[in-house]
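These notes concern the structure reproduced below.
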Amino acid sequence: MKSPKAAFFALAVAGAAVLAVGQPSSSPVTAIKAGRLIDPETGTAAARQVILVQGEKITAVGPNPAIPAGARVLDLSGLTVLPGLVDAHTHMALTYKEQPENYYYYLTYVMESTPLRAIQAASNGIQLLNSGFTVVRDVGNNALYADAALRQAIEQGWLPGPTVIPSGPMIGSTGGQYWPTPEMYKYHNIMFPEYIDANSPDEIVRAVRENMLFGARTIKLCVDCKPWAYSVEDIKLAIKEAAQGGCKVEAHVQSAEGAQRSIDAGVYIIAHNSALTPEHHRQMAEKGIFLAGTDTPFMPYRGSETAFKRTVANLRSAWEKKVPLTFSTDMDYWNERMKDPKSGEWLSRGELTINFLDTWKAAGIPPADILRAMTTNGYKASDIIHQRGPVQAGFYADLIAVAGDPLTDIDALRGVVFVMKNGQVFKKDGVMTPEKFFHPGPVKIPSGRWTR
Ligand SMILES: [Zn+2]
């Protein structure tokens with residue numbers, strides 16, 4: 001410090017930072033110089049912004065905030081900076097394959113243990129973070145709470161990964177999405193842990209409570225997986241019980257009737273767009289129900305032209321009716337055609353996820369609206385918008401950077417060259433440098449179970 005005045009100023013800045021986010025003033029400050037900073041909520045960008053980060057959170061944003069002496073400066077002045085991306089519907093601990101199980105995920109469940117699937121989930125998390133996804137809603141088919149374990153491991157600082165919003169096993173009426181044999185159902189308990197059978201009101205309440213007890217941050221209901229489906233009253237009961245644990249409910253919907261009951265009950269999110277009609281879309285927009293459409297692109301490794309046309313038309317309808325859309329994938333399968341046609345290299349789970357942009361582009365949705373679905377709406381649907389997403393003082397520093405401008409060319413998001421998660425640099429200059437995320441013990445014990 002050269003003068004008492006400068007010293008006082010530095011203290012004042014440090015003090016303001018402490019007041020703003022409660023970080024110890026000893027944490028080093030990082031100053032990110034952004035060529036452009038996107039606000040996805042408004043679909044606008046501001047040139048030459050500086051983002052100050054201390055500890056895990058943003059402390060200041062603006063064209064010229066006072067950069068404390070000794071701050072690390074990250075020069076992203078040639079890049080566009082924006083909040084991290086959200087996949088609002090995926091399954092991190094499930095990879096059902098063409099070989100050997102012919103995409104039959106009963107077999108995945110029989111052949112792959114929870115520990116193996118949890119390690120797959122950890123790997124998928126790193127791959128998704130590398131592509132700029134800093135939040136995932138992980139909604140069922142995750143073996144025995146591998147999704148909740150992944151969240152816990154990332155939170156405690158064992159390894160890098162997105163913020164995981166786990167649901168625990170899907171809750172459904174007898175059979176869930178399976179059609180098991182009597183032997184497997186009655187004598188081998190094949191349903192659990194991929195599904196929890198819950199039929200009566202008592203069983204629904206118990207299932208919701210158990211999932212929350214074991215780490216769920218959202219509740220996933222199979223509303224109409226069977227003809228003996230959930231009624232409006234059943235769904236309302238689940239919503240009421242989930243609210244006690246601070247959770248919102250996502251309805252898996254595969255029929256028009258199931259969609260209507262979910263809307264009438266007032267679920268927070270509807271998963272899968274294939275059975276929804278324009279009238280459902282209208283009602284969802286009116287009620288503010290999020291859509292996780294899981295809009296599969298037509299690729300050499302997945303889909304058909306006919307199915308794709310339908311998916312595109314359904315997504316277009318939802319957008320026209322102003323449903324709050326999220327970017328969502330159900331990206332949980334694998335085959336040997338998942339390679340880059342040019343390089344012949346395997347595509348990562350992150351690259352396979354970002355490929356879902358093709359559907360949004362085919363539906364003619366403007367880049368600003370796609371970006372809002374991938375960020376603001378994703379953070380809202382994850383129910384974490386008060387902590388993450390906005391690039392503002394007091395929010396977690398989950399930031400990515402790309403060359404080009406996603407507001408005019410959404411494909412710019414395919415080239416994420418910088419990723420920061422919770423204030424730590426995970427990727428820089430296009431290269432993963434995650435070593436600081438790995439520890440031989442839990443370096444961070446979250447302060448309270450209900451800290452979201
Ligand atoms: Zn799914």
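The values are calculated or read from the model by the stated rules, or taken from the named source; none is laboratory data. Here the structure is a predicted model, which is why all the values come from computation and not from measurement. Don't worry about glycine lacking a Cβ; one is built from the backbone with ideal geometry, like all the others, and counts go over all protein chains shown. Just so you know, the surface numbers come from the protein's heavy atoms only, side chains and all, with ligands and any DNA or RNA stripped out. Shrake-Rupley method; radii C 1.70, N 1.55, O 1.52, S 1.80 Å.
N189 meets all of the listed conditions (1) in contact (Cβ under 8 Å) with a residue 12 or more places away in the chain; (2) part of a loop (DSSP other than H, G, I, E, B) but one, namely (1). Only one of the numbered conditions (1) crowded, with 22+ Cβ neighbours inside 10 Å; (2) part of a strand (DSSP E or B) is violated by L371, and that is (2). With respect to P182, determine if the residue is within 29 Å of D411 (Cα to Cα), at pLDDT 95 or above and either within 16 Å of the chain's Cα centre (by Cα) or not β-branched (V, I, T) (or both). Answer is no for this residue.
Residues checked against (1) crowded, with 23+ Cβ neighbours inside 10 Å; (2) in contact (Cβ under 8 Å) with a residue 60 or more places away in the chain; (3) closer than 22 Å to A216 by Cα:
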site: K380; (1), (2), (3): no, yes, yes
site: I384; (1), (2), (3): no, yes, yes
site: Q387; (1), (2), (3): no, yes, yes
site: P390; (1), (2), (3): no, yes, no
site: A397; (1), (2), (3): yes, yes, no
site: A401; (1), (2), (3): yes, yes, no
site: G415; (1), (2), (3): no, no, no
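Evaluate the following for L159: is it among the aliphatic types (A, V, I, L, M), under 26 Å from the mean Cα position of the chain (by Cα) and under 18 Å from T90 (Cα atoms)? Break it down stepwise before answering.
Working: among the aliphatic types (A, V, I, L, M): yes; under 26 Å from the mean Cα position of the chain (by Cα): yes; under 18 Å from T90 (Cα atoms): no.
No: the conditions fail for L159.
The residues of the range 127-165 that are outside any helix (DSSP H, G or I), within 16 Å of the ligand (Cβ to nearest atom) and among the small types (G, A, S), listed by number, are G140, A143. In the range 269-300, the residue that is most open to solvent (accessible area, probe 1.4 Å) out of those that are over 21 Å from G364 (Cβ atoms), more than 16 Å from the ligand (Cβ to nearest atom) and at pLDDT 95 or above is E286.
When each of A229, A292 is tested for being touching an Asp or Glu at 6+ places or on another chain (Cβ under 8 Å), closer than 30 Å to E345 by Cβ and touching a residue at least 40 places away in the same chain (Cβ under 8 Å), the lone residue that passes is A292.
Looking at G215, is it open to solvent by less than 20 Å² (accessible area, probe 1.4 Å) and at positive phi? So that I can check it myself, show each step before the final result.
Values: open to solvent by less than 20 Å² (accessible area, probe 1.4 Å): yes; at positive phi: yes.
Against the criterion (open to solvent by less than 20 Å² (accessible area, probe 1.4 Å) and at positive phi), G215 qualifies.
What strands (runs of 3 or more DSSP E) completely inside the range 32-97 contain at least 1 residues that are within 14 Å of F418 (Cβ to Cβ), open to solvent by 10 Å² or more (accessible area, probe 1.4 Å) and touching a residue at least 40 places away in the same chain (Cβ under 8 Å)?
Where strands (runs of 3 or more DSSP E) fall fully within the range 32-97 and carry at least 1 residues being within 14 Å of F418 (Cβ to Cβ), open to solvent by 10 Å² or more (accessible area, probe 1.4 Å) and touching a residue at least 40 places away in the same chain (Cβ under 8 Å), they are 72-83.
Over 25 Å from E286 (Cα atoms), touching a residue at least 24 places away in the same chain (Cβ under 8 Å), of a type outside the set (F, W, Y) and within 16 Å of the ligand (Cβ to nearest atom) - does that describe any residue in the range 318-331? Among the residues of the range 318-331, at least one is over 25 Å from E286 (Cα atoms), touching a residue at least 24 places away in the same chain (Cβ under 8 Å), of a type outside the set (F, W, Y) and within 16 Å of the ligand (Cβ to nearest atom), which makes the answer yes.
A residue that is at pLDDT below 95, more than 16 Å from the ligand (Cβ to nearest atom), of a type in the set (K, R) and farther than 22 Å from R117 by Cα occurs somewhere in the range 338-351.
For the range 254-287, the set of residues classified as under 19 Å from the mean Cα position of the chain (by Cα) and not polar (S, T, N, Q) consists of V267, Y268, I269, I270, A271, H272, listed by residue number.
Scanning the range 273-286 for residues that are in contact with a strand residue (DSSP E or B) (Cβ under 8 Å, 6 or more places away or on another chain), under 21 Å from C222 (Cα atoms) and small (G, A, S) turns up nothing.
Residues in the range 235-268 that are farther than 19 Å from R209 by Cβ, within 15 Å of the ligand (Cβ to nearest atom) and aliphatic (A, V, I, L, M): V253 alone.
Looking only at residues in the range 106-117 that are in a helix (DSSP H, G or I), open to solvent by 30 Å² or more (accessible area, probe 1.4 Å) and without any contact (Cβ under 8 Å) to a residue 60 or more places away in the chain, which one is nearest to Y333 (Cα to Cα)?
L107
Of the residues making up the range 105-120, those that are farther than 18 Å from M338 by Cβ and either in contact with a His (Cβ under 9 Å, 6 or more places away or on another chain) or not charged (D, E, K, R) (or both) are Y106, L107, Y109, V110, M111, S113, T114, P115, L116, A118, I119.
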